[in-house]
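Worksheet: the structure to be examined is printed underneath.
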Amino acid sequence: TLPLTTEKITVLLTQLREMFQISEDMRNMAKEITLERELLVRKNEELAFLNGVLRNASATLEIQQVLAAYLHALTTLVPVHQAAAVLWESTENGLEADFLLPHGAPELQEQWINHLGHVMERLGGGIATAFRREVLRWGEPLQHPPHKAELFTQTLQTTQGGTFGALVLCTQGAHTLGRDRLRTLHAAANHVALALHNALRFRRVKAMADHDDLTHIANRHAFDKRLREIGRAHV
């Protein structure tokens, strides 16, 4: 109001500065609340992911099913479109390995076997004296050899700390994952490693029960089991 005096203008400027500071404080609080909300959303996603891994990994002793359940849960955090795995175990006959490959052209699968073999050597497994290969029933068909794909490798270890395998994921943006996501993936790998190790041992015991130790030829137990499967298929 008139007349304008120095005192009135000084009071007005002081009030404007206080209002500006309050506005800045409110904006900063809104940013902090938004960041906390985003962190809570990420934590909820990670907890849901780990819960799914724990629940599904322990529900079966079939390697294919364990891997499929884990990879399906993994896609909620990381855009994984293909995966391959190598599992190995020292036996009386040497180092035996299982290669689980994406489905696709045979020549691409051979390149993936070579890549998984190098991964096994690098992680201390050595060179396999015998190996089995099977197609992993998950993911998209192979499009590129390993050296042209963006790969993320998860080491699989036993509870005693020994390495027995590796899971190689084809994903985009693996190098941009934050530290919290990497910790979550590491924790998930530990859980699925335990399930895979149990499934691997179960497969070995099952093979020993169905095959002669010396000749590795299917025994009477395997023969009877196959007859029952054929009988059920014709019912």
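Read through the list (1) open to solvent by 60 Å² or more (accessible area, probe 1.4 Å); (2) over 30 Å from Gln111 (Cα atoms); (3) under 43 Å from the mean Cα position of the chain (by Cα), then give the number of the only condition that Thr10 fails.
Only one criterion is unmet by Thr10, namely (3).
So, in the range 33-46, exactly how many residues are modelled with pLDDT under 80 and over 21 Å from Leu169 (Cα atoms)? Walk me through how you get there before you give the answer.
First, pick out the residues of the range 33-46 that are modelled with pLDDT under 80: 39-46.
The next check asks that each one be over 21 Å from Leu169 (Cα atoms); those that pass are 39-44.
Going through the range 33-46 one residue at a time, the tally reaches 6.
Given the criteria exposed (fewer than 10 other Cβ atoms within 10 Å of the Cβ) and modelled with pLDDT under 90, does Thr60 qualify?
No.
Determine which member of the set Val78, Val119, Val135, Val86 is open to solvent by 30 Å² or more (accessible area, probe 1.4 Å) and not aromatic (Phe, Trp, Tyr).
Details: Val78 fails: open to solvent by 30 Å² or more (accessible area, probe 1.4 Å); Val119 fails: open to solvent by 30 Å² or more (accessible area, probe 1.4 Å); Val86 fails: open to solvent by 30 Å² or more (accessible area, probe 1.4 Å).
None of the others qualify; the one that does is Val135.
Strands (runs of 3 or more DSSP E) wholly in the range 49-153 with at least 3 residues that are among the aliphatic types (A, V, I, L, M) - which ones?
Values: elements: 80-91, 94-101, 130-135.
Here the list reads 80-91, 94-101.
What pairs come out if I take residues in the range 170-182 that are modelled with pLDDT of 75 or more and pair them with residues that are open to solvent by 20 Å² or more (accessible area, probe 1.4 Å) and not in a helix (DSSP H, G or I) whose C-beta lies under 6 Å away, six or more apart or interchain?
What qualifies is Cys170/His81; Cys170/Ala149; Thr171/Pro79; Thr171/Phe152; Gln172/Pro79; Gln172/Glu150.
Have a look at Leu156, Leu142 and point out the one that is at pLDDT below 90 and in contact with a Gly (Cβ under 8 Å, 6 or more places away or on another chain).
On the way: Leu156 fails: at pLDDT below 90.
Exactly one of Leu156, Leu142 is at pLDDT below 90 and in contact with a Gly (Cβ under 8 Å, 6 or more places away or on another chain), namely Leu142.
The values are calculated or read from the model by the stated rules, or taken from the named source; none is laboratory data. Just so we're clear, the structure is a prediction, and the values are computed from it rather than from any experiment. As a convention, Cβ positions derive from the backbone with ideal geometry for all residues, glycine included, and neighbour counts pool all protein chains shown. Protein only, heavy atoms only, side chains kept; ligands, DNA and RNA dropped before computing areas. Shrake-Rupley method; radii C 1.70, N 1.55, O 1.52, S 1.80 Å.
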